[in-house]
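Student: Quick one: this structure, given as structure tokens, is what I'll be asking you about.
Bear in mind that the values in this text are calculations on the coordinates, not laboratory data. Computed from a predicted model, the values in this text were never measured in an experiment. All Cβ positions, glycine included, derive from the backbone under ideal geometry; neighbour counts span all protein chains shown.
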Amino acid sequence: MKDKSKLIGFTCAYTPLALIDAAGFAPYRILPMGDSPDQAGHILHENLCPHVKRVLDRGMQDDIPELSGIVFMNSCDTMRRLNDAWQKVRPNDNTLLVDLPVSNDPGSVSFFAEELALLTDTLSQWSGNNITPERIENSIGRYNELAMHLNELKKRVDNGTLKDGSLRLQTIYNKAATEPIKDVMEMIKQMIDETNELSDGGLPVYLFGNVLPDPEAFVLFESCGARIVSEDLCTGSRMTHSIETDKSSDVFKRLANGLLSRTACARTVDPINPGKMALDVVERANACNARGVIGHTVKFCDPYLARMPSVRDALKKEGISFLLLEGDCTMRSIGQHKTRIEAFIEMLR
Amino acid sequence: MILQHFEDQESGIMNAIKKNPESASPRKKLALETARLGKRLYSNADDLVWAGPLVPFDLLNAMEVTPCFAEFIASILVSTDAGPLFFENAEQAGYASDTCGYHRMLMGSALKGMIPTPKLLISAMSPCTGGLAAMENLARVFKKDLFILHIPQKESDHGVRILANHIRNMAESVSSHTGKVLDKDRLRKAMENTNKTRDILSNIYKLAQQVPSPVNGRDLSNFGIVLPLFFGTEVGIEIAQSFYDELKSRIKANRSGVPGERIRLMWLQNRIQFKNNLVKMLEKEFNASIVIDELNVITWDPIDPEDPYIGLARRSISSPLNGTVERRVKQIVKLAEAYKIDGAINPCHWGCRQGTGARGLIDSSMKEIGVPVLNLEVDCVDPRNFAEGQLITRIEAFMEMIESRPSPW
Amino acid sequence: MIVAGVDIGSLSGETVILSDDKILSYSIVRTGADSALTAKKATDEALKNADISFEDIDYTIATGYGRVIVPFANENITEISCHAKGANYLFPTVRTILDMGGQDCKAIRCNEKGKVTNFAMNDKCAAGTGRFCEVMADVLGIALEDIGKTSLEAKKDAMISSACAVFAKSEAVSLLRSGVPKSEILSGVHEAIASRVFALLQRVGIEGDFVISGGIAKNIGVIKKVAEKVGLKPLISEEPQIVGALGAALFAKERYKKG
């Protein structure tokens, strides 16, 4: 049994989990799952991202374990409002909003590094532990190892040599976000060692978007004849990235740089190359030899909605078929798309 | 086409004033200067920079670079005949109707070549992610560079220092994209102008607080958000002064903005930008006046003309459009008290996550001080689904409710 | 070889029976609460029309909203692929199809073989669907099959600003109360529908020839408005409601041959 009071909640894949670990806490992602009744719309507004609304619903319904604090990232307008609303509905929780720049230029990295130092002070207060540089380095090492293992597992799933691969990978991602990583690492190692079992048929598809944590969604894709050969989701591979371990430079700067330079969510912008996200999608779809691309985003997500026209154009130029799905984090909404997904696969066959 | 619109507007106002000098009003003065700004934007004569609403425009004005922000141009384009067409363009190009109308209008008109090409685009994560995304898209469409100003959420000395430096870098970037240098004397002069405008504004707002208020529901609409485009210029001072003089003379003549003012209202977020009868209806049927718009507020200290960057940074950070709701709500409550309002109307602009997303939190804080809030569902820019009849019914019911309860003050 | 295609939609169910390349018979029935039963009813009727028995059918493919619950089907294929296939059989030159069904509306692009190359679907909103027309016919007290004809009598369109079924209904009621002729209200409703489906068509791009299928294709008022917007004369088969089932039957033929 894990000690529940040792948990720190988080809601965004830009959260520096290694710092939470270094404070002696285990990070717990409040995933937009479960069946808490819809209430958040009254506090926020109905036209807000269902990811955030469902996370707030869980908070309002007390459908979360006991937490020592929650770290919110200022990743987008709606996340910022989640932080605001949380204080209202759970005034006794420890919370911190960490400012997150939108690009990885040197000025932004320095600013973010300072924010991470502040976060460390706060975590230290919450835990009563002195967070030494050594502890942070150790945690970075642990999370780098987790990232490495998850990547290895992802490769097997992408190659289609693991039975029920994408379903099980998503289950592992969810565990990695909510359970102590030592246990998760063991499970991953076992899975990596399983014997090869080639998956049957399925049209290779590249999937990108934001929040899609329900493993059942991947079962649905497969039942429609798609095989996800690579995925870029904030509840999936975007959670893992490795941080530089060269101790000669400042640890917070390394963390800041690692987070701001990892595979970007649409909210992060490369000012040198406006519209880069569209090119990234094309590049990744080509890299995994996908026959088609499926975009899945939650409704009302401004960062993604604004970039979809350019993604569509870029894929069209490359002659890659594209299907865009919008959901609300429930299987019901994903299930409604069954006909679309099937027709998309029929079209590509 | 759009240039023609501004030219017609300018000559129309000038002719009207010539014919009847009595008809000159501060609102006309503002419209005239807005038309002139529009002319400069669309005549290709000036160096343009597209910027987000929290970018220090006075700095750009000091460089003789014409600034403009997306929401401003969108609100003008929607009043042209082609308005609805631009929305359709945007939607056909894939810009979802779930997104903010200002940004959809901007993209739709840009794709039709109806937005003048800037030398550079400057954006910030505040006030909104959608705005930043729109600027990124514009940079892509125009094939122009994008400069991102990171405005910290928190008002800390450290954050202010970082932003001040960043504003300096921004000025350098503007310089290298336009060839215009930032002259020290002109910068000092611009900051002095900004401070003068600021003083007049703060006096205007003090006058507006009087009971009954000298302002009617239209005088100061869009004021606090549009005027910064003229910060740092003599024109900015003139506009502000004309409003001050007008209000002062109304007070002297014992004339309130809305005759027989009975109900005082606050308008939250932003105004409905296309023609509608709501404000007139409030005046006529209920003697109700919108005495304060949420953004008609000064949250910053005068800027040190010798070292302006710190002051400019502080100003951007302190905007109610930046940061947590807590700060915005505090500001709204303060205004509610200062203006002794009987109720507030929140249009809940469709597609605005940062603003509309605070709906419930504003509600509950206003409840604590006994001020009722009416939440509408309006797209403040896109008139295509505007259901005026339904809105009037809701506003009437709200007014009846206010009339039937004691004033909170 | 005798094959069947069964299309179970939200408002109606259709079965088409093919003998080699020839349509032997078809049926259209109203959908009941039980999709499996609707499928059986439609198929029984088609069998009766063809004067053959169930055992004579070599292969069956189900399509439409209720395709997974057709117990006697060998396979199921989405209605998007089937509409393209069916339209291509009827009009080999077709490149763009607008299917206006009972509950959703689809714009489909296909190649010369009737294979889908792109599609867009509108399934969250009733505009452009049979349900929407039913609601309007009901509000105005006109028989569903007459609304097209009636709308053509209008001298001008009443302004229906919203293509949302809920709002349009209340707008229609208030127009009716203020004495606007029913024909003009209907014409306005059809204009609103046409704008919506035109936007859907633009998402996939429109190229001739252009076919309209589904129940609404029988509404001459909507067809006229859509044709005006698209700028192409739509091709409409004698029985536009069976295009999906026909496509399913054609797939059944192909799959059966393949073994």
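Student: Mean shadow of the protein assembly as shown, computed from the convex hull of its alpha carbons, in nm²?
Tutor: 44.2 nm²
Student: Summing +1 for each Lys or Arg and -1 for each Asp or Glu, what net charge is found among the other residues whose Cβ lies under 14 Å from the Cβ of C:LYS224?
Tutor: Summing Lys and Arg as +1 and Asp and Glu as -1 gives +1.
Student: A further question follows. If you bin the C-alpha pair distances of the range B:186-403 every 10 Å from 0, what whole percents do you get?
Tutor: Here the calculated profile for the range B:186-403 is 8, 32, 36, 20, 4, 0.
Student: Could the peptides C:91-100, A:296-305 be put in order, highest first, of the mean number of other beta-carbon atoms found within 10 Å of their residues?
Tutor: A:296-305, C:91-100
Student: Quick one: net charge around B:TRP50, please, counting Lys, Arg +1 and Asp, Glu -1 for every other residue with C-beta under 14 Å from its C-beta.
Tutor: 0
Student: Another one. Using 0.36 nm per residue of separation minus the Cα-Cα distance, give me the extension gain between C:MET159 and C:GLU112 in nm, one decimal.
Tutor: The C:MET159-C:GLU112 span can extend by a further 12.9 nm.
Student: When the label point is put 7 Å from the Cα of C:ILE220 along its Cα-to-beta-carbon vector, which residues of the range C:99-121 have a backbone N closer than 20 Å?
Tutor: C:100
Student: Mind checking the mean number of beta-carbon atoms from other chains within 10 Å of the Cβ atoms in B:90-97?
Tutor: 5
Student: Continuing with this model, one more query. Using every alpha carbon pair in chain A, what percent of pairs falls into each 10 Å bin from 0 up to the bin containing the largest distance?
Tutor: Answer for chain A: a P(r) of 5, 25, 35, 26, 8, 1 percent.
Student: Here's a follow-up. Compute from the Cα atoms of the range B:226-298 the Rg and the Dmax, the latter being the longest Cα-Cα distance, and quote both in angstrom.
Tutor: That works out to 14.3, 40 Å for Rg and Dmax.
Student: Mind ordering A:277-283, C:29-35, A:31-37 by average Cβ neighbours within 10 Å, highest first?
Tutor: A:277-283, A:31-37, C:29-35
Student: Still on this structure, I have one more. Looking at the range C:93-236, I'd like the Rg to Rh ratio, where Rg is from alpha-carbon atoms and Rh is Kirkwood's inverse mean 1/r.
Tutor: Ratio of gyration radius to Kirkwood radius: 0.98.
Student: What distance in nm separates the simple spin-label points at B:SER11 and A:ASP38, each placed 7 Å from Cα in the Cβ direction?
Tutor: Distance between the two pseudo-spin positions: 5.4 nm.
Student: Take every residue in peptide A:100-106, count the Cβ atoms of other chains within 10 Å of its Cβ, and give the average of those counts.
Tutor: 4
Student: Quick check: pseudo-label points 7 Å beyond the Cα along Cα→Cβ at B:ASN287 and B:ALA31, how many nm apart are they?
Tutor: Spacing of the two 7 Å Cα→Cβ label points: 2.8 nm.
Student: Classify the range B:2-183: rounded, prolate or oblate, from the alpha-carbon gyration tensor (a ≥ b ≥ c, eigenvalue square roots; a/c under 1.5 rounded; otherwise prolate if a/b is larger than b/c)?
Tutor: oblate
Student: Let me ask something else. What are the equivalent ellipsoid semi-axes of chain C, built from the alpha-carbon gyration tensor (square roots of five times its eigenvalues), in whole angstrom, biggest first?
Tutor: 33, 20, 14
Student: Using a 10 Å Cβ count of at most 16 others and DSSP loop calls, identify the longest part of chain B lacking such trypsin sites (Lys or Arg not before Pro).
Tutor: The segment B:276-409 is the longest one with no such site.
Student: Let me ask another. Using a Förster distance of 25 angstrom, determine the FRET efficiency expected from the C-beta separation of A:GLN190 and A:ALA287, and round it to 0.05.
Tutor: 0.35
Student: Can you bin every Cα-Cα distance in chain B into 10 Å intervals starting at zero and give me the percent of pairs per bin, rounded to whole numbers?
Tutor: Per 10 Å bin, starting at 0, the Cα pair percentages come out as 5, 22, 33, 28, 11, 1, 0.
Student: At R0 = 45 Å, how high is the FRET efficiency between A:ASN151 and C:ARG30 if r is their beta carbon distance? Nearest 0.05 is fine.
Tutor: 0.25
Student: For the range A:51-146, divide the Cα radius of gyration by the Kirkwood radius and give the resulting Rg/Rh value with two decimals.
Tutor: 1.00
Student: Right, next: Return the subset of A:LYS317/C:LYS257; B:LYS154/B:LYS367; B:LYS284/B:LYS340; A:LYS175/B:LYS154; C:LYS40/C:LYS169 for which the Cα-Cα distance in this structure is over 29 Å, preserving the input order.
Tutor: Pairs exceeding the cut-off: A:LYS317/C:LYS257; A:LYS175/B:LYS154; C:LYS40/C:LYS169.
Student: Moving on to the next point. At B:GLN92 and C:ASN49, where each label point lies 7 Å from the Cα along Cα→Cβ, what is the point-to-point distance in nanometres?
Tutor: Placing both labels 7 Å along Cα→Cβ, they lie 4.0 nm apart.
Student: Need one value for A:81-89: mean number of C-beta atoms belonging to other chains within 10 Å of its residues' C-beta atoms.
Tutor: Mean shielding count: 5.
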